[in-house]
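Engineer: Following this message is one structure expressed as structure tokens.
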Amino acid sequence: MKADTQFDRQDKLPSPKSYESRVFPLNNHPLYGDVQSFGECQYLMPKVLADFTNDFDFEEHVTSLEICPACFFNTSGTTSRSKRIPYSDDDLDRQRIHEAIALTKLGMGKGDGVISLGAPLPSISGWAIVNGSETTGATVLNSSQIDYDDVFLRGHEAKATIVIGTPIVVKEIGLSIKEERGDLQKVFPNMRTGIIFGDVLPSALRKEIKEIWGFETVYSLYGTVEADVVATESREFPGEMELMTERLLIELIPESELAKEREDESYAATPSELNSVDHGTVGEIVISDLSRSVLPLIRYRIGDIIEVRKEGRPAGKETVKVLGRSKNIILLDGVPLYEMQLNSAIERALGGRVSEWRITEREGEDRGKYDLSIQPAPGEHLGSGDREGVINTIREERIELDRLILSDYIRVSTVETLGQDDVRGDAKAKRIVLQA
């Protein structure tokens, strides 16, 4: 059954550029200070935003909506301090429509039944899934990952067509239901689509989730709590993301500029507009959402590395590949290697024979060198030739590594299991472990 996606996403919200004249100039703003124009704004970093939103009193401005406890949504706290993002009533309405636009792009609409595996309030993911899905015309069968049993208590198994959650949560809850109730394709006879957000989605994990639930299709939503959905997976170019440029201003700090920052903390990296960079350019994404009435996000560095894809795309319709977190860069004698580049190398070398992997930086004098642990898929065995093959494909993934004896920097081994962290909240995989 294909959903009837009748949600009209046209003219629901003004273009992101139209907000510039409303926001600027900023005079004595408690976060941004005095700024005459968008181009003058410095970068906003996650730690600064976390400190500000926890310390500033927004009580006069935030919504009185009862579903939003204390009128804030909390992020997961990846900077070690959770950000308390404030919303006005208008902000919440825009957030709801933003989410619905993204979900409609992935085929959600009237006739769909949605199982939400987002985190409960005061996290925004559960709220956004419920309200965004209902705005598309779909029916939401539960509120978050903590009450997915409501689907069974209410006898709504046959209504379920879409599951939304982070990859680890969707996987682990799927396995739990399967253990208790049997084949999920029989438990949910009309299940069609998995929508994954909150973390990168390697091909092996995508395949595993698809097999557990019996999904016809698995799509990714790429975003951040602070700016909502940033991109949706392209149907034409699977694994690549179409940016939400109808809602957000998006810039890129090229890899060459990031290298200068690493060498000199005082260096002011220069951002580039996406339409000015070449196909294949890699860099850190910068997000601006000027529509927020309580706290606009201006040049916010959410901390993700992307690769811009332009060949074969119409002008202004570039896609991006999300390569991983900027804080998780693996530096090999100054050459950066990103999570999904390493994942791509492993998949090219081993195909479907790998279940999961983790790379850990060594301590002490060996800092800057790494141990790559690979968990084979059930029934598979990896030998020395396989481990050497991984080293070779890593080198191919970044041509700059040709000058290194890569086996001196990365030691590959196989392990029986890598274990699994608690899946409460919007859990993310920890594939890269670096020394502080």
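Engineer: Going by the structure shown, is Gly174 without any contact (Cβ under 8 Å) to a residue 60 or more places away in the chain and of a type outside the set (A, V, I, L, M, F, W, C)?
Structural biologist: For Gly174, the condition - without any contact (Cβ under 8 Å) to a residue 60 or more places away in the chain and of a type outside the set (A, V, I, L, M, F, W, C) - is met.
Engineer: From the list Ser133, Ser143, Ser125, pick out the single residue that is of a type outside the set (D, E, K, R) and farther than 28 Å from Ile306 by Cα. I'd like the intermediate steps shown before the answer.
Structural biologist: Values: Ser133 fails: farther than 28 Å from Ile306 by Cα; Ser125 fails: farther than 28 Å from Ile306 by Cα.
Checking each option against the conditions leaves just Ser143.
Engineer: Are there any pairs with C-beta distances below 9 angstrom linking a residue in the range 94-106 that is in contact (Cβ under 8 Å) with a residue 40 or more places away in the chain to a residue that is part of a helix (DSSP H, G or I) and surrounded by fewer than 21 Cβ atoms within 10 Å (Cβ to Cβ), with the two at least 6 apart or on different chains, and if so which?
Structural biologist: Listed by first residue and then by second, the contacts come to Gln95/Asn131; Glu99/Asn131; Ala100/Asn131; Ala100/Glu134.
Engineer: Let me confirm something: among Ile305, Ile253, which residue is in contact with a Pro (Cβ under 7 Å, 6 or more places away or on another chain), without any contact (Cβ under 8 Å) to a residue 60 or more places away in the chain and not acidic (Asp, Glu)?
Structural biologist: Being in contact with a Pro (Cβ under 7 Å, 6 or more places away or on another chain), without any contact (Cβ under 8 Å) to a residue 60 or more places away in the chain and not acidic (Asp, Glu) holds for just one of Ile305, Ile253, which is Ile253.
Engineer: Next question. Kindly indicate the residue of the range 258-286 that is under 19 Å from Gly334 (Cα atoms) and part of a helix (DSSP H, G or I) and also most open to solvent (accessible area, probe 1.4 Å) among those meeting that condition.
Structural biologist: Among those that are under 19 Å from Gly334 (Cα atoms) and part of a helix (DSSP H, G or I), it is Glu263.
Engineer: Limited to the range 205-217, what total is found for residues that are closer than 16 Å to Gly239 by Cβ and open to solvent by less than 30 Å² (accessible area, probe 1.4 Å)?
Structural biologist: Number of matching residues: 3.
Engineer: Do the conditions hold for Pro25, that is, is it buried (at least 20 other Cβ atoms within 10 Å of the Cβ), touching a strand residue (DSSP E or B) at 6+ places or on another chain (Cβ under 9 Å) and modelled with pLDDT of 85 or more? Reasoning before the result, please.
Structural biologist: On the way: buried (at least 20 other Cβ atoms within 10 Å of the Cβ): no; touching a strand residue (DSSP E or B) at 6+ places or on another chain (Cβ under 9 Å): yes; modelled with pLDDT of 85 or more: yes.
Spelling it out, it is not the case that Pro25 is buried (at least 20 other Cβ atoms within 10 Å of the Cβ), touching a strand residue (DSSP E or B) at 6+ places or on another chain (Cβ under 9 Å) and modelled with pLDDT of 85 or more.
Engineer: What are the residues in the range 319-341 that are outside any helix (DSSP H, G or I), open to solvent by 20 Å² or more (accessible area, probe 1.4 Å) and at negative phi, if any? Talk me through it step by step, then tell me what you get.
Structural biologist: Our first condition is that a residue be outside any helix (DSSP H, G or I); within the range 319-341, this holds for 319-325, 329-338.
After this cut, where a residue has to be open to solvent by 20 Å² or more (accessible area, probe 1.4 Å) as well, the list is 321-322, 325, 329, 331, 333-334.
Passing the criteria: Lys321, Val322, Arg325, Ile329, Leu331.
Engineer: Is it the case that some residue within the range 206-218 is polar (S, T, N, Q) and either under 18 Å from Gly132 (Cβ atoms) or not in a strand (DSSP E or B) (or both)?
Structural biologist: Checked against the condition, which is being polar (S, T, N, Q) and either under 18 Å from Gly132 (Cβ atoms) or not in a strand (DSSP E or B) (or both), the range 206-218 yields no hits at all.
Engineer: Kindly provide the set of residues from the range 154-187 that are in a loop (DSSP other than H, G, I, E, B), within 19 Å of Gly118 (Cα to Cα) and over 26 Å from the mean Cα position of the chain (by Cα), ordered by number. Even if it seems obvious, please write down each step before you answer.
Structural biologist: So in the range 154-187, the residues in a loop (DSSP other than H, G, I, E, B) come out as 154-156, 160-161, 166, 182-183.
From the residues that got through so far, the ones that are within 19 Å of Gly118 (Cα to Cα) too are 156, 160-161, 166.
The answer is His156, and nothing else.
Engineer: Then there's this: Of the residues Asp386, Asp366, which is surrounded by fewer than 17 Cβ atoms within 10 Å (Cβ to Cβ) and either under 29 Å from the mean Cα position of the chain (by Cα) or modelled with pLDDT of 90 or more (or both)?
Structural biologist: Sole residue among the options that is surrounded by fewer than 17 Cβ atoms within 10 Å (Cβ to Cβ) and either under 29 Å from the mean Cα position of the chain (by Cα) or modelled with pLDDT of 90 or more (or both): Asp366.
Engineer: Which of the numbered conditions does Thr417 fail, given that it passes all the others? Conditions: (1) of a type in the set (Val, Ile, Thr); (2) within 25 Å of Ser256 (Cβ to Cβ); (3) assigned to a loop (DSSP other than H, G, I, E, B).
Structural biologist: Thr417 satisfies every listed condition except (2).
Engineer: State the number of residues belonging to the range 200-219 that are modelled with pLDDT of 90 or more, within 13 Å of the chain's Cα centre (by Cα) and aliphatic (A, V, I, L, M).
Structural biologist: 0
Engineer: Within the range 263-292, how many residues turn out to be free of Cβ contacts under 8 Å to residues at least 12 places away in the same chain and within 21 Å of the chain's Cα centre (by Cα)?
Structural biologist: Residues flagged as free of Cβ contacts under 8 Å to residues at least 12 places away in the same chain and within 21 Å of the chain's Cα centre (by Cα) within the range 263-292 amount to 0.
Engineer: Also: Can you find, within the range 220-257, the residue that is farthest from Ile306 (Cα to Cα) among those that are part of a strand (DSSP E or B) and more than 12 Å from the chain's Cα centre (by Cα)?
Structural biologist: Leu249
Engineer: Now for a different question. Hey, does the range 7-15 have a residue that's part of a helix (DSSP H, G or I), over 29 Å from Ala160 (Cβ atoms) and modelled with pLDDT of 80 or more?
Structural biologist: Checked the range 7-15: no residue is part of a helix (DSSP H, G or I), over 29 Å from Ala160 (Cβ atoms) and modelled with pLDDT of 80 or more.
Engineer: Looking only at the range 99-153, count how many residues are acidic (Asp, Glu), assigned to a loop (DSSP other than H, G, I, E, B) and more than 28 Å from Thr245 (Cβ to Cβ).
Structural biologist: Result for the range 99-153: 1.
Engineer: Among the hydrophobic types (A, V, I, L, M, F, W, C), at pLDDT 90 or above, outside any helix (DSSP H, G or I) and open to solvent by 60 Å² or more (accessible area, probe 1.4 Å) - does that describe any residue in the range 397-407?
Structural biologist: yes
Engineer: Go through the range 124-177 and report how many residues are open to solvent by 40 Å² or more (accessible area, probe 1.4 Å) and under 24 Å from Ala227 (Cα atoms).
Structural biologist: Summing the residues that are open to solvent by 40 Å² or more (accessible area, probe 1.4 Å) and under 24 Å from Ala227 (Cα atoms) in the range 124-177 gives 2.
The values are calculated or read from the model by the stated rules, or taken from the named source; none is laboratory data. Quantities reported herein were computed from a predicted structural model and do not represent experimental measurements. Positions of Cβ are generated from backbone atoms using ideal geometry, with glycine treated the same way; all protein chains shown enter the neighbour counts. What goes into the accessible areas is simple: the full protein's heavy atoms, side chains included, and nothing from ligands, DNA or RNA. Shrake-Rupley method; radii C 1.70, N 1.55, O 1.52, S 1.80 Å.
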